[in-house]
């Protein structure tokens, strides 16, 4: 026995429309804020790599302890270390990555930025 409810077939279509509108709004917001967000990510990773490298290889502290030196708002910056190269890499997911390398007598230096 079939029900004659005209609203039933429209629900999936309505849900798809809402999902597409939400995705479109998210894409528009990302396009609008991409340049400042990318700039903050690049500066944040450069700062994070430099500070963590100095803390780790000049201060002799653990990489986890070096996170205490970060500014507020840097929770998304991820750190990894290469002990053989004496370098620390900081990453902001999907946007930016920077590496600072320790050299005796020079301290920690960032790799030059490229466009």
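Every number here is computed from the coordinates shown, using simple stated rules; none is lab data. Keep in mind that this is a model prediction, so the values were computed, not measured. Backbone-built Cβ (ideal geometry, glycine too); neighbour counts: all protein chains shown.
What to note about this one:
- Residue match in segment 73-81 (condition: surrounded by fewer than 17 Cβ atoms within 10 Å (Cβ to Cβ) and in a strand (DSSP E or B)): yes
- Hits in segment 94-108 - residues which are free of Cβ contacts under 8 Å to residues at least 40 places away in the same chain and not in a loop (DSSP other than H, G, I, E, B): 103
- Among residues of segment 17-65, those that are without any contact (Cβ under 8 Å) to a residue 12 or more places away in the chain, more than 19 Å from the chain's Cα centre (by Cα), assigned to a helix (DSSP H, G or I) and under 17 Å from residue 77 (Cβ atoms), counted: 1
- For segment 36-58, a tally of residues being farther than 17 Å from residue 99 by Cβ and surrounded by 13 or more Cβ atoms within 10 Å (Cβ to Cβ) returns 3.
- Scanning segment 82-93 for residues that are outside any strand (DSSP E or B) and touching a strand residue (DSSP E or B) at 6+ places or on another chain (Cβ under 9 Å) turns up 85, 86, 93.
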